[in-house]
Amino acid sequence: MKFDYSKIEPLIRRIMSVVLVVVLVCGVILLLKPEVWRFNPQYLVETTILKDKRFSANVQEIISPKLKLKAYLFEEHSNPIVSVEFLFKNAGSAYDPDYKEGLGTLLATMLSRGAGKYDMEAFNAILEQNAIGLDFENTKDDFSGALKFIKSDIVLATKMFNLALTKPTFNRIRLKQAKKDMLDNYKYMLEQPDSYAMLEAAKQLFGKHPYRNSRMGTLDSGQRITVTDLRTFQKQHLTQDNLLIGIAGDVSAIEAGDLIDKLFAGLPRHAKITPIPQADIQITSPDYHISRNLGQNIGFFYAKGVAREDERFYPLVLAIEILSGNSLTSRIQKAAREDKGLTYGVYGDLANYDKSNFIYGRFSSTPDKFEQLKQIIQTEWDRLGKYGVTEEELAQAKDYMIASEPLRYADIGNISGTLVAMQKWNLGLDFLQKRNTYIRNITLDEVNQVAKQYFTPDNLRFVTIGDSKKQEQR
Amino acid sequence: MCYSQSAEAVLSDATEFYLKNGLHVVVVPNHKAPIIKQIVVYKAGRVDEPRGKGGIAHLLEHLMFRGTKKFKDGEFNRLIESNGGISNAATSHDKTYYHQFLSVDRLELAMYLEADRMANLSFDDETFVKEREVVFQERQERQSRNTTRDFWEKVDKIFWKDSLYGEPVGGTSVEIMEITKQDILDFYQNFYGPNNAILILSGDIDFETAYDLAQKYYGKLSAREIGQKGNTEDVDNREYRDGEYTVRTERNDINISRLSARYFLPHFKSDEGYLYAMMVFADYIGNSISSPLYKKLRLDTHLATAIGTDFDCFNRGNSTFSFYAYYNNPKDTQKIQNIFMQTLVESLNNMTEKDMELTKKRLLAGLVYHNDNPSDAADIVTDWLGAGYKLEDLKNYEQHINKVTLADVKALAATLNEYHPLWAVATPMQEAK
């Protein structure tokens, strides 16, 4: 049979037109929805099969039944472990008595060098064999600590903790050893360029204010500290009315209340504290250089900042993030590292002490390039103050702060620490729910206002250490 | 023996599989928060570089952040950062690894980017030169961060003799400036294939999803012919083992004295029993307040400000055992050395069943904490697998430790007595009288 083309021609025409329509429709879709054919990170995040994971950060406020102590609790039952963090306000190294600097640090050490009927060795052997983490330390403002244990050891861990806090023996031999350790640690700090420069910077910035003191005391202050000094400080500063507590992990609210009563039983009720004054950092004096022969010069920069409670807090944090955040995309990192290869790294941050708020940063480079790096920091600093940040930079910095937020839940120790910080800064029980909204709502105007106020040429001071000769040669 | 009901659960949910292209994938589910850590480990580091050309692996690590055929310089960091990721990388003698810790809904993006730079690295000459400068600066930075670092580098060289383990990971300053772009591209081509890599996903993900995503993003990469790896075989030609040998320095930039004793040990792979017995012994002798060394040097005499022991078995080559002490009075050097040697002999002779039991208990007590932080869990997997152990070794850690007997410990630790350690002593410059 002969093939009759004309018979199927209409069919082909129809097929052709359908194909044409399909191609056109696909084309239009491709044009309108570029994510289908081009890599689009936003699309990938929005359509991921890993989205909509439900998570609620539920923080409860509890009051312990007997002592009526308040605490924040975050229940997390996936692992049988518990983390308790706490701090005593106004009990940090700035509250060490004159000529007895280092007292708080020594106290933190001595609390776990023998307590109750246990000597240092027996006490710590129990902790080690049961993986009970018990740490005390101090910052400039506070005396803080952490207890971490496996749920099944709750009775033992509680007992050991309470003994350390209320019945330390302060054995004379152990105290003598602890003083020598502290002195050796202080001498070691003096060796290291970073820590030495920071000690010197504190003197420059804080003048006669006790914030100038090292946590490790001085070369001779430790020797003057007596057992009576330790007991007096403990009685006056480590008290119930001075205490903030955060608990995270495998405990219910009832268990946590009971736990608190047992942990802190026997503490004195009321603190007796001599307040310390406000301490604005001194930045009007000229830059300060410490001469030392080093392969790499190190610099620190300092400027006045705003308080944690200040409404300009987040705007300033965002501005600092854009200028010198820890990531590789900050303005200074880009200008100095990525574009010029001048440094391995520059970072900056905001420090909030109870009585002082300041911006600080660190940078380093070989002596021949150090001045150039310092100049870039100064230039970027002034530029930020003069012209502010762009919409795009702000969006990027906000995205980072918002999207990285869940990472704080990685570690229960970190969660309990956050709970203490929330109380210290009065952030409210719902802070974790609201925090991202605070950041989202910050406007470009707010950031640029605070930039104009704080990133000025006269609000910046450098403290540097290293080889000044090679600097001059260049 | 059973120490803790929870310890046996350590990373017990971890599973592994291989893609067709050879990529080894390890999944460690942890559903407590919607976060995850991705690590890609390349089993190549300083020891796989040509001799005399140090720093290639490390400079390559830096350049991996500076562009691919698809993404221009800076895009990788910008994308990870605006998605809240904490991202970095590190190079060691044996391996180079890259990690991102982020919200789980951003994981696919991170996988896309990580897979992309496994195959498509691309950077121009100018970027290369600048990044080499950054790496040079990093080297200087590390030198000045730690006052005595140059001394320990010298000690490393003597300790390892001809082995590349004795060379600084990132190369010397001179070596760094001699690296060429071609060196980098060669190393990348030789070692950055999926068949020389391990992908670790630790966090809020289940096995099936992890499998699908690994397949989706890494499955299409082709296996490569992997280059000649460095020699990590057991080498035993160290003269200092036959007699007293101390490397000394007096310096005017330190206030505190420090010393170390280092033992060169057989390759761990030669005997698995040896490995775990050594872990127990190293912990027993110097890693706790109840240890003989701590007792003698800190509690009783207080000669030292700090002491410790370390059994390093996390490399592909020989393992090492070391002891270190920080102390105030340089005149105590010989005394501390004597106490260490004496304690070592005594411990081998006098260690009891009770000591064994307590040491094991201490070693195993905290294992359940590993199930808490998904980022830490990923790092542990990196350490073990990056050094050539199997996932099963890690999962069976508790059983292995429990199986160790007192006789095992005594037999193997006796090897420590057969040879001398390499001593290194750094003391402050004494003022002339």
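Among the residues of segment A:41-66 satisfying the criterion of being assigned to a loop (DSSP other than H, G, I, E, B) and of a type in the set (A, V, I, L, M, F, W, C), which is nearest to the chain's Cα centre (by Cα)?
Once the filter is applied, the top-ranked residue is A:57.
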Of B:198, B:205, B:184, which residue is out of contact with any Gly (no Cβ under 6 Å at 6 or more places or on another chain) and within 14 Å of chain A (Cβ to nearest Cβ)?
-> B:205
All conditions in (1) more than 7 Å from chain A (Cβ to nearest Cβ); (2) assigned to a helix (DSSP H, G or I); (3) surrounded by 21 or more Cβ atoms within 10 Å (Cβ to Cβ) are true of residue B:105 except (1)
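When only residues in segment A:293-324 that are part of a strand (DSSP E or B) and among the aliphatic types (A, V, I, L, M) count, which is nearest to the other protein chains (Cβ to nearest Cβ)?
That would be A:298.
Okay, residues lined up against (1) acidic (Asp, Glu); (2) under 18 Å from the mean Cα position of the chain (by Cα):
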position	(1), (2)
A:336	no, no
A:339	yes, no
A:346	no, yes
A:354	yes, yes
A:366	no, no
A:378	no, no
A:396	no, no
What are the residue pairs meeting all of these: first residue in segment B:137-163, first residue surrounded by 19 or more Cβ atoms within 10 Å (Cβ to Cβ), second residue among the small types (Gly, Ala, Ser) and assigned to a helix (DSSP H, G or I), Cβ atoms under 8 Å, and 6 or more apart or on different chains?
-> B:139/B:173; B:140/B:173; B:159/B:166; B:160/B:166
Per-region count, segment B:80-99, residues in contact (Cβ under 8 Å) with a residue 12 or more places away in the chain, within 19 Å of residue A:47 (Cβ to Cβ) and either surrounded by fewer than 24 Cβ atoms within 10 Å (Cβ to Cβ) or more than 9 Å from chain A (Cβ to nearest Cβ) (or both) = 1
Hey, residue B:122 hits all of (1) buried (at least 22 other Cβ atoms within 10 Å of the Cβ); (2) away from chain A (no Cβ under 11 Å); (3) among the polar types (S, T, N, Q); (4) over 25 Å from residue B:24 (Cβ atoms) but one; which does it fall short on?
-> (1)
Tally of residues being away from chain B (no Cβ under 14 Å), crowded, with 21+ Cβ neighbours inside 10 Å and touching a Lys or Arg at 6+ places or on another chain (Cβ under 9 Å) across segment A:359-373 = 1
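Quick one: count up the residues across segment A:325-348 that are aromatic (Phe, Trp, Tyr) and at the interface with another protein chain (Cβ under 8 Å from one of its Cβ atoms).
1
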Would you say residue B:156 is part of a helix (DSSP H, G or I), charged (D, E, K, R) and under 29 Å from residue B:381 (Cβ atoms)?
-> yes
Within segment A:117-143, residues being closer than 20 Å to residue A:239 by Cβ and either within 9 Å of chain B (Cβ to nearest Cβ) or assigned to a loop (DSSP other than H, G, I, E, B) (or both) number 4
Restricting to strands (runs of 3 or more DSSP E) lying wholly in segment B:233-322: which have 1 or more residues that are under 18 Å from the mean Cα position of the chain (by Cα) and not aliphatic (A, V, I, L, M)?
-> B:257-267, B:304-312
Within segment A:161-271, helices (runs of 4 or more DSSP H) holding 3 or more residues that are more than 14 Å from chain B (Cβ to nearest Cβ) and closer than 29 Å to residue A:83 by Cα | A:227-237, A:253-263
With respect to residue B:210, is the statement that it is buried (at least 18 other Cβ atoms within 10 Å of the Cβ), within 28 Å of residue B:16 (Cβ to Cβ) and within 14 Å of another protein chain (Cβ to nearest Cβ) true?
-> yes
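Residue-by-condition table, conditions (1) over 30 Å from residue B:141 (Cα atoms); (2) within 14 Å of chain B (Cβ to nearest Cβ):
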| residue | (1), (2) |
| --- | --- |
| A:409 | yes, yes |
| A:416 | yes, yes |
| A:431 | yes, no |
| A:435 | yes, yes |
| A:439 | yes, yes |
| A:447 | yes, no |
| A:458 | no, no |
Members of segment A:325-334 that are closer than 19 Å to residue B:123 by Cβ and in a helix (DSSP H, G or I) = A:333, A:334
Is there any pair linking a residue in segment A:20-45 that is more than 24 Å from residue A:403 (Cβ to Cβ) and modelled with pLDDT under 70 to one that is part of a loop (DSSP other than H, G, I, E, B) and of a type in the set (A, V, I, L, M, F, W, C), with Cβ under 6 Å and at least six apart or on different chains, and which?
-> A:30/A:37
Residue in segment B:28-79 that is nearest to residue B:97 (Cα to Cα), counting only those that are facing another protein chain (nearest Cβ under 9 Å) and among the charged types (D, E, K, R) | B:37
Test: residue B:137 is within 14 Å of chain A (Cβ to nearest Cβ), of a type in the set (S, T, N, Q) and either farther than 20 Å from residue B:324 by Cα or part of a loop (DSSP other than H, G, I, E, B) (or both) = yes
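The values are calculated or read from the model by the stated rules, or taken from the named source; none is laboratory data. Quick caveat, the model's predicted, so the values are computed rather than measured. Every residue, glycine as well, gets a Cβ built from its backbone with ideal geometry; the counts of neighbours run over all protein chains shown.
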